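Working notes, beginning with the structure itself.
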Amino acid sequence: MNRKGRSDAIAAFVLIGGLIIIILIASMAFRQPSGGSGIEMDMIRGDRVGLVDIIGPIYDARRWCEQIDAFRLEEKVKAIVIRIDSPGGGVAASQELYSAISRARKAKPVIASLGSVAASGGYYAAIGADTIVANPGTTTGSIGVLMELTQFYELMEKIGIDAEMIKSGEYKDTGWPFRDLTAKDRKYLQNYVDDAYDQFTEAVALERNMEIEQVKKVADGRVFTGRQAHELGLIDLIGDQYEAIRIAGEISGLGEEPKIAKPPKKHPIDWLDELLDESVRTVQKRLESQPKFQYRWRPE
């Protein structure tokens, strides 16, 4: 490369670097304050029904919980509709979401609207609402717990590879994919799963005003259509999101067609958040082979 070519390359590099710095500064300027929900409540004009969309697997519920808490504290939001379209996810994350919805309903009406799928942890979250509305064909239920384990020890034996674990206690490596589970391992993990199952069924019995034995008759992992769930007492009404919003409007005194408040979308130049979100999704995919303790419907 000649001198002019090098100079042009340096100039281009400096220009690109400058643009990156400008974008970073602008991104920080428009970024919502850390620790908050990112909901610009001062932009809400008049009384409204807040709408929170819970879409996809539930492994980190913090953003949704922040949105629900913000609507709970906002006086201009008179009721909240929680739209759920999720197969569930992590045990603790589903419980966090349930707790946020339960907190909100103590302050104002909360209606859960179940979309295509609201199963397992998605259903767990929904029972925190005052009223659960589902489409007749919604897939819901799947009350139960699972722990997935992937094991490679037989394959390793066949190809002549050995793995060794140095551990501090008998159960420290339980679920490690490079050794078989012992009978004691299985009992230990089953007790772990059984306790989470009891937590789920107890919550359903409490929130749906059912006897625990009545819940356990349907809490064997089966999914139900919305119509079946209604017959079993797992949901309150058959209807779509429009119906859920109409109910919220009527209960809160805003009429059948209330105005809606939604959490704002991310600023288009806030690409760093998008990059971080994608990184989290990538890590989650790579953890698919690790033991997972879940309230999740896994038809596949």
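The values are calculated or read from the model by the stated rules, or taken from the named source; none is laboratory data. Treat the numbers as computed from the prediction; the structure is a model and nothing was measured. Heads up, the Cβs are rebuilt from the backbone with ideal geometry, glycines too, and the neighbour counts pull from every protein chain shown.
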**Prompt:** Assuming G18 fulfils every condition listed in (1) surrounded by 12 or more Cβ atoms within 10 Å (Cβ to Cβ); (2) outside any loop (DSSP other than H, G, I, E, B); (3) modelled with pLDDT of 55 or more; (4) not hydroxyl-bearing (S, T, Y) apart from one, which condition is it?
**Reply:** (1)
**Complete:** Residue pairs qualifying under the 6 Å Cβ cut-off, at least six apart or on distinct chains, with the first in the stretch 132-148 being at pLDDT below 95 and the second being among the charged types (D, E, K, R), are E148/K292
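When the stretch 215-231 is examined, which residues are found to be outside any loop (DSSP other than H, G, I, E, B) and buried (at least 16 other Cβ atoms within 10 Å of the Cβ)?
Within the stretch 215-231, the first condition is being outside any loop (DSSP other than H, G, I, E, B), and the residues that meet it are 215-216, 223-224, 226-231.
V215, K216, V223, F224, G226, Q228, A229, H230 - these are the residues of the stretch 215-231 that are outside any loop (DSSP other than H, G, I, E, B) and buried (at least 16 other Cβ atoms within 10 Å of the Cβ).
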**Prompt:** If you go through the stretch 152-162 one residue at a time, do you hit one that is more than 27 Å from the chain's Cα centre (by Cα), in a helix (DSSP H, G or I), under 25 Å from R222 (Cβ atoms) and without any contact (Cβ under 8 Å) to a residue 40 or more places away in the chain?
**Reply:** no
**Fill in**
For the stretch 56-104, the count of residues that are part of a helix (DSSP H, G or I), under 22 Å from W297 (Cα atoms) and touching a residue at least 40 places away in the same chain (Cβ under 8 Å) equals 5
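I'd like the residue in the stretch 138-172 that is more than 20 Å from S102 (Cα to Cα) and in contact with a strand residue (DSSP E or B) (Cβ under 8 Å, 6 or more places away or on another chain) and, out of all such residues, is surrounded by the most Cβ atoms within 10 Å (Cβ to Cβ).
Result: T138.
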**Prompt:** Can you pull out the residues in the stretch 104-122 that are crowded, with 24+ Cβ neighbours inside 10 Å and in contact with a Pro (Cβ under 7 Å, 6 or more places away or on another chain)?
**Reply:** A119, S120, G122
